[in-house]
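> Submitted below is the structure of interest, expressed as structure tokens.
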Amino acid sequence: MTAKTARLIASGFGCGFAPVAPGTITSAATLVAGALILHTSPALLPAVALIAAVAGLWAIRAAHVDGDPGWVVIDEIAGQFLALCGLARASLVGLLAAFFIFRLLDVAKPGPIGWADRQSGAAGIMADDVIAGAITAGILWAISSRWPTLFG
């Protein structure tokens, strides 16, 4: 594959070139795709998250990305898909919780998310969002375990 293809994947198929808040726009677009997967085949969601993470590592390396430019949003795709793994079904409340918790963690970068963000290379670019997605999934799972009807 070419560097142009790698750049297309790294940019979330162009979402990363949005003029305002490309990470948030990409997370919202991923939320829609994730909702469809949750509705039709929820067991596929972890595999989709893994594929996005592996594709992201490859694309960032193949596109010869330096630093963590704003147009690279494949990490948001992997992280948001992973965050959705904490939901049993696609409900509006659950999807909104997955989106807002993931974005809050991705922007605030507490603890291990901040550490991962400071790492270099493709793994560093991907790691903070993957960790934020995993923490979000855990939070959603814990909330739904305590209040099973909250997420519909």
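> Collect the residues in the stretch 1-47 that are touching a residue at least 60 places away in the same chain (Cβ under 8 Å), of a type in the set (Gly, Ala, Ser), closer than 23 Å to ASP66 by Cβ and surrounded by fewer than 20 Cβ atoms within 10 Å (Cβ to Cβ), keeping them in residue-number order.
Once the filter is applied, which keeps residues that are touching a residue at least 60 places away in the same chain (Cβ under 8 Å), of a type in the set (Gly, Ala, Ser), closer than 23 Å to ASP66 by Cβ and surrounded by fewer than 20 Cβ atoms within 10 Å (Cβ to Cβ), the stretch 1-47 yields only ALA3.
> Whether any residue in the stretch 98-110 is farther than 26 Å from GLY67 by Cα and of a type outside the set (Asp, Glu) is what I want to check.
yes
> Of these, LEU31, LEU36, LEU87, which one is more than 14 Å from the chain's Cα centre (by Cα), among the aliphatic types (A, V, I, L, M) and outside any loop (DSSP other than H, G, I, E, B)?
LEU36
> Also, I was wondering about something else. Looking at the stretch 48-67 only, could you name the residues that are free of Cβ contacts under 8 Å to residues at least 40 places away in the same chain and in a helix (DSSP H, G or I)?
Scanning the stretch 48-67 gives VAL48, LEU50, ILE51, ALA52, VAL54.
> Could you run through the stretch 131-140 and say how many residues are surrounded by fewer than 23 Cβ atoms within 10 Å (Cβ to Cβ) and either among the β-branched types (Val, Ile, Thr) or at pLDDT below 95 (or both)?
Matching residues across the stretch 131-140 total 3.
> Is it fair to say ARG146 is at pLDDT 95 or above, closer than 18 Å to ALA33 by Cα and not aliphatic (A, V, I, L, M)?
Here the answer is no, as ARG146 does not meet what is asked.
> It is to be established whether one or more residues within the stretch 105-114 are farther than 17 Å from PRO42 by Cα, part of a helix (DSSP H, G or I) and in contact (Cβ under 8 Å) with a residue 24 or more places away in the chain.
For the stretch 105-114, residues farther than 17 Å from PRO42 by Cα, part of a helix (DSSP H, G or I) and in contact (Cβ under 8 Å) with a residue 24 or more places away in the chain: present.
> Can you name every residue in the stretch 68-94 that is crowded, with 20+ Cβ neighbours inside 10 Å and either farther than 17 Å from THR30 by Cβ or touching a residue at least 60 places away in the same chain (Cβ under 8 Å) (or both)?
VAL72, VAL73, ILE74, GLU76, ILE77, LEU87
The values are calculated or read from the model by the stated rules, or taken from the named source; none is laboratory data. Fair warning: this is a prediction, and the values are worked out from it, not measured in the lab. Heads up, the Cβs are rebuilt from the backbone with ideal geometry, glycines too, and the neighbour counts pull from every protein chain shown.
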